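> Structure provided below as C-alpha cells; questions to follow.
The values are calculated or read from the model by the stated rules, or taken from the named source; none is laboratory data. Here the structure is a predicted model, which means the values were calculated and not measured. Note: ideal-geometry Cβ built from the backbone for every residue, glycine included; neighbour counts use all protein chains shown.
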Amino acid sequence: MVSVLVSACGQPQVSVTQLEDSIGIVRDNLIFNAQVYKITAPHLEGFKAVPNGDSTMSAKCHQGDGWGTITMINVGTGGRYKLKCSTYSKNVSCQLENDFKYASDEGRCASLDKVPFPIPKIAN
C-alpha cells in the first residue's frame with residue numbers, strides 16, 4: 001500500500017485506499033454526531049439520519065473542509081431537515097443548516113492544523 005505520494009504541484013496526496021478509509025470514518029462520525037444532536041432536539045423525534053458526506057474530500061484534500069451534510073428524514077411524514085455536522089469532532093457536533101455558523105469554511109480544503117489527518121474515529 002502506498003502511504004503518501006507527492007503530486008507534481010507539491011501538495012501531499014493519499015492513496016485511493018486511504019481516501020476511502022477516511023470517507024468511511026467521516027460517514028460514521030457524521031451519523032454519530034447526528035444521533036447525539038437528535039437526543040437534544042425533540043423536533044427530530046422519528047427522524048432517521050442519512051449522511052451525505054464531505055464533498056470536499058479528495059486525494060489532494062484528504063481531510064476535507066471538516067463539515068458534512070446529514071439529511072434528517074421523518075420516515076412517517078417525509079419531513080426533512082438538513083444538518084451540518086463536524087466530520088472529526090464530537091464536541092463541535094451539528095447545527096441546523098439554516099443556523100450554520102461556519103459556512104465560510106464549507107467547500108474549502110481545511111488546513112491540517114484545523115482538521116486533522118488521519119481523521120479520528122469518534123463514533124462508538
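> Is one or more of the residues making up the stretch 14-30 in a loop (DSSP other than H, G, I, E, B) and of a type outside the set (D, E)?
For the stretch 14-30, residues in a loop (DSSP other than H, G, I, E, B) and of a type outside the set (D, E): present.
> When residues of the stretch 44-62 are filtered for being in a loop (DSSP other than H, G, I, E, B), more than 12 Å from the chain's Cα centre (by Cα) and of a type in the set (A, V, I, L, M), how many remain?
1
> Residues of the stretch 81-104 being of a type in the set (G, A, S) and within 20 Å of F47 (Cβ to Cβ), which ones?
Within the stretch 81-104, S86, S93 qualify.
So that you can scan it fast, the table gives a plain yes or no per residue for (1) in contact with a Pro (Cβ under 7 Å, 6 or more places away or on another chain); (2) over 24 Å from S111 (Cα atoms); (3) among the small types (G, A, S); (4) modelled with pLDDT under 95:
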residue	(1), (2), (3), (4)
V6	yes, no, no, yes
T17	no, no, no, yes
Y37	no, yes, no, yes
D54	no, no, no, yes
S58	no, no, yes, yes
Y81	no, yes, no, yes
K90	no, no, no, yes
S93	no, no, yes, yes
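> Suppose we filter D65, D105, D113 for residues that are among the acidic types (D, E) and either touching a Phe, Trp or Tyr at 6+ places or on another chain (Cβ under 6 Å) or loosely packed, with under 13 Cβ neighbours inside 10 Å (or both); which single one remains?
Result of the check over D65, D105, D113: D113.
> Do we find that E97 is in contact with a Leu (Cβ under 8 Å, 6 or more places away or on another chain) and acidic (D, E) in this structure?
yes
> Name every residue in the stretch 84-111 that is outside any loop (DSSP other than H, G, I, E, B) and under 12 Å from the mean Cα position of the chain (by Cα), in order of residue number.
K84, C85, S86, C94
> If you scan the stretch 91-102, which residues turn out to be over 14 Å from P51 (Cβ atoms) and in contact with a Phe, Trp or Tyr (Cβ under 7 Å, 6 or more places away or on another chain)?
Those that are over 14 Å from P51 (Cβ atoms) and in contact with a Phe, Trp or Tyr (Cβ under 7 Å, 6 or more places away or on another chain): S93, L96, Y102.
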